[in-house]
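Here the structure comes first, spelled out in structure tokens, and everything after it is commentary.
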Amino acid sequence: MKMKRRERKIKILYTIPNFNTAGSGKALLNVISRIDKNIFEPAICCRHEKGELFKTAEEMNVPIYISYFTALMKPRLKGIKNILRLSRLFKKINPDIIHSYNYSDDYSEGLASRLSGIKWVYTKKNMGWGSNAWKIRSKIADAIIPQNEEMVNRFFPGSGKLVLIPIGIDIDEFAGLKRDTKIIDEFKLRDSFPVILTIANVIPIKGIDYLIRGFSLVLEDYGNAKLLIVGEDRTEYADSLKKKVSEEGLDGKVIFTGKRNEIKPFFSVADIFVLSSTKTGEGGPISILEAMASGIVSFGSDVPGIRDQFRELPDQLFESENPGAIANKIINFVQTDDETKQKMIKKQLEFIRKHYSVENEVLRLQELYLNLLGRHVT
């Protein structure tokens, strides 16, 4: 793709609160690493330098601005002054487009962008829609990127600003993983089957309590099974679950690993992946896609976001908040013959290559940016 008449590169400023959250941070860095540098000049604005992925961002040699890119809107008079200050920041950076990866309903960023004459785009990353601020945020935006079909139908009916672009992953990164013996030894998995994996921060919306209850039913038939829960577990919800696990004698069977910077080793040892999110739903969880790319048969609750990722694999969905449904999926899979399992794995991989590769995501984002600015390439 070559520029027409050697036009100035298009500067995209990506705003993201932090790089502590691996899913969003990694998704953004995947985009930045692949965007066409002959046409686009990416930059990042985030609030601090914490997080392992921030080091990765620095290694990309793109400009990084450490600053708050949102402002308090109340009281109103102070809010106006805050917007003016934020607008000066954006004018100083001088991007053509600001693409917000902020998950909140803040609209100060959009107001400051508009005041600066800068196009403003936001990615809708979750199923939250409880405040009027979301409507203001959407009205201000030049374009909105929902991540699943349910968002389109529920939040933005009839809007002409929408471009549905699901998050993509680097599929090849997860291909051919070799079993990680360190993980096997650390969690005593050598004689365990099936090893069930979930990757999620241990918060109520992830439905980990239903997964644990479903797993306890699996243990009635498969006493050597183990459940690995990989994610931030320093929460009150996690503490309550750990207490229940201990009271029910499931210590050593249900394993909370805590937050891990590297998750591929866990994919390498898992037999089954399960994401048990509650009925609130998800935006576009990356962990399922990564599990599928790793060659693990995956199951998810039938809720927004996850439903999109199984739209060609409906038999791998289960009723949300239903431990029995989770147990049935696991037990039925274990009893499935190897040839059928391989067909499931192949079908998963074909599906994500078609719909969820990061290459497709980047091409669609580039097209959006060019259309917003009325630019074309030959």
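Looking at LYS161, LYS178, LYS125, LYS135 in this structure, which one is of a type in the set (Lys, Arg) and not assigned by TED's automatic domain parsing to the domain that holds LEU86?
LYS178
Give the stretch 119-133 a look and list any residue that's part of a loop (DSSP other than H, G, I, E, B) and without any contact (Cβ under 8 Å) to a residue 60 or more places away in the chain, or say none.
GLY128, TRP129, GLY130, SER131
Taking LEU217, is it at pLDDT 95 or above and either among the charged types (D, E, K, R) or more than 22 Å from LEU349 (Cβ to Cβ) (or both)?
So LEU217 fits the description; yes.
Which count do you get for residues in the stretch 143-200 that are polar (S, T, N, Q) and surrounded by fewer than 15 Cβ atoms within 10 Å (Cβ to Cβ)?
3
Taking helices (runs of 4 or more DSSP H) that do not extend beyond the stretch 225-332, which have at least 1 residues that are surrounded by fewer than 18 Cβ atoms within 10 Å (Cβ to Cβ) and not hydrophobic (A, V, I, L, M, F, W, C)?
In the stretch 225-332, the matching helices (runs of 4 or more DSSP H) lie at 236-247, 264-269.
Conditions tested, residue by residue: (1) small (Gly, Ala, Ser); (2) in contact (Cβ under 8 Å) with a residue 60 or more places away in the chain.
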site	(1), (2)
ARG213	no, yes
ASP221	no, yes
ASN224	no, no
TYR237	no, no
SER240	yes, no
LYS244	no, no
GLU248	no, no
LYS253	no, no
ARG260	no, no
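Tell me which residues, restricted to the stretch 26-53, are in a helix (DSSP H, G or I) and modelled with pLDDT of 90 or more.
ALA27, LEU28, LEU29, ASN30, VAL31, ILE32, SER33, ARG34, listed by residue number.
Is the stretch 288-302 home to any residue that is hydrophobic (A, V, I, L, M, F, W, C) and at pLDDT below 95?
no
Do the conditions hold for LYS188, that is, is it assigned by TED's automatic domain parsing to the domain that holds GLU319, in contact with a Ser or Thr (Cβ under 7 Å, 6 or more places away or on another chain) and either in a loop (DSSP other than H, G, I, E, B) or at pLDDT below 95 (or both)?
For LYS188, the condition - assigned by TED's automatic domain parsing to the domain that holds GLU319, in contact with a Ser or Thr (Cβ under 7 Å, 6 or more places away or on another chain) and either in a loop (DSSP other than H, G, I, E, B) or at pLDDT below 95 (or both) - is not met.
When you scan the stretch 83-118, how many residues do you find that are part of a loop (DSSP other than H, G, I, E, B) and closer than 21 Å to SER24 by Cβ?
Going through the stretch 83-118 one residue at a time, the tally reaches 8.
Condition check ((1) under 25 Å from the mean Cα position of the chain (by Cα); (2) assigned by TED's automatic domain parsing to the domain that holds ALA270; (3) closer than 14 Å to SER192 by Cβ; (4) of a type in the set (Asp, Glu)) across all residues:
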| position | (1), (2), (3), (4) |
| --- | --- |
| VAL218 | no, yes, yes, no |
| GLU232 | yes, yes, no, yes |
| THR235 | yes, yes, no, no |
| LYS253 | no, yes, yes, no |
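Conditions tested, residue by residue: (1) touching an Asp or Glu at 6+ places or on another chain (Cβ under 6 Å); (2) of a type outside the set (Ser, Thr, Tyr).
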| residue | (1), (2) |
| --- | --- |
| THR15 | no, no |
| GLY23 | no, yes |
| LYS26 | no, yes |
| PHE69 | yes, yes |
| LYS78 | no, yes |
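Quick one: GLU49 ticks every box in (1) free of Cβ contacts under 8 Å to residues at least 24 places away in the same chain; (2) buried (at least 19 other Cβ atoms within 10 Å of the Cβ) bar one, so which box is it?
It is condition (2) that GLU49 fails.
Return a yes/no flag: does the stretch 87-96 have any residue that is hydroxyl-bearing (Ser, Thr, Tyr) and crowded, with 17+ Cβ neighbours inside 10 Å.
yes
Among the numbered criteria (1) in contact with a Phe, Trp or Tyr (Cβ under 7 Å, 6 or more places away or on another chain); (2) outside the structural domain of PRO304 (by TED's automatic domain parsing), which single criterion is violated by GLU150?
(1)
Counting only residues that are assigned to a helix (DSSP H, G or I) and surrounded by fewer than 15 Cβ atoms within 10 Å (Cβ to Cβ), how many does the stretch 365-378 have?
3
What are the residue pairs meeting all of these: first residue in the stretch 312-330, first residue at positive phi, second residue surrounded by fewer than 16 Cβ atoms within 10 Å (Cβ to Cβ) and part of a loop (DSSP other than H, G, I, E, B), Cβ atoms under 7 Å, and 6 or more apart or on different chains?
Partner pairs satisfying both residue conditions: GLU321/LYS279.
The values are calculated or read from the model by the stated rules, or taken from the named source; none is laboratory data. Bear in mind that the values here come from a model prediction, so they are computed numbers and not experimental data. Cβ atoms come from the backbone with ideal geometry, glycine included; neighbour counts cover every protein chain shown.
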